[in-house]
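Below you'll find the structure, written out as structure tokens, and then a few comments.
Derivation of every value follows stated rules applied to the coordinates shown; laboratory data play no part. Keep in mind the model is a prediction, meaning the values are calculated, not measured. Neighbour counts are summed over all protein chains in view; Cβ atoms, including those assigned to glycine, are modelled from backbone coordinates with ideal geometry.
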Amino acid sequence: MPTHRLLIEYDGTKFAGWQAQASGRTVQGTLLDALRAVTGEREIDLQGAGRTDAGVHALGQVASLRTRGRLDPATMRRRLDETLPADLAVRRIELVPPRFHARHDALARCYRYQIATRRSAFGKRTTWWIAEPLDLDAMAVAARSFEGRHDFRPFAKRGGEKDSTLVEVELCRVATVEDFVMVRLVASHFLWNQVRRMVGALVAIGRGAAAADDVPRWLSGASTPPLLAAPAAGLFLETVRYPGEEWSLPPLVPVGAPLLSTVHARVLG
């Protein structure tokens, strides 16, 4: 049974998340429908590296696909281009070893969150607009406190985690690009709602409702972090890391909202 690796991007605005459901439009369900039409097969196994929630986008979602047929990758991708809706695209398809599994083999996932500090006619679907000034230096200091191995139970949606809530966060940084604040996070995995709760806490610090040195107390359980979860619209799954592969993070250029000039991101802290 051939195994293919798919690189996928999608605008999550009108999707009820990645995971196929009995009702509701999902990325996995939509892609499975298209694959069945393209291959003529009913029994298809499609597994994604990240189970993104409703409204969350992807620039570099990875999926493993197993089918009985032997449709070559170029033909499959061309037919998917003709079949998929406008808000879902398969960027690349390649044959991989049969044992490859997009979720189980992944070493790390990288997410980006986009905050807009100015109102944009194009940004509603892809950013969280915050009108008041933010203390970006305090946010940058706080972001680094999230790095390392911690129990992120205080930042997980209640009832969503049955397994260990320990997570090793490799990177949590704040950057600015013109009128946009970008939060980039890298970890082996993330708990349900963890990224959006972390960004919500950073924004609370930026607004002055909490202090940067509150983060260690939140992580230790000594105090409760803000309950605010950042809106799904600003969150993107950027890329996934696998063993034995070169891995680099994409440029921090805002998606879905225009820059006013050509500038580079400035990482704070």
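Summary table
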read-out: Value of [θ]222 nm, deg cm²/dmol, for the chain, DSSP H segments ≥ 4, -39500 (n - 2.57) each, nearest 500; value: -6000 deg cm²/dmol
read-out: Share of pairwise Cα separations in the stretch 108-243, more than 17 Å, in percent; value: 57 percent
read-out: With eigenvalues of the C-alpha gyration tensor scaled by 5 and rooted, the chain, Å; value: 34, 21, 16
read-out: Rounded to whole Hz, the Karplus (6.51, -1.76, 1.60) HN-Hα couplings of the stretch 237-242, x for glycine and proline; value: 7, 8, 7, 10, 9, 10
read-out: Amide H contacts under 5 Å for residue 92, placed H, 5+ residues apart; value: 7
read-out: Zero-based 10 Å bins, Cα pair distances in the stretch 80-178, whole percents; value: 10, 26, 31, 27, 6, 0
read-out: Using θ = phi - 60° and Karplus 6.51 cos²θ - 1.76 cosθ + 1.60, couplings along the stretch 3-18 (whole Hz; Gly, Pro as x); value: 10, 10, 10, 10, 10, 10, 10, 7, 8, x, 3, 9, 10, 8, x, 6
read-out: Projected area, mean over directions - the stretch 3-96, Cα convex hull, nm²; value: 5.3 nm²
read-out: Packing-based ranking, highest mean first, of 125-137, 5-17 given that Cβ atoms within 10 Å are counted; value: 5-17, 125-137
read-out: Distance in nm between pseudo-label sites at residue 74 and residue 189 (7 Å out along the Cβ direction from Cα); value: 3.8 nm
read-out: ³J(HN,Hα) computed for each position of the stretch 169-183 - Karplus, 6.51 cos²θ - 1.76 cosθ + 1.60, integer Hz, glycine/proline x; value: 8, 6, 8, 8, 10, 10, 9, 10, 9, 6, 8, 10, 10, 10, 10
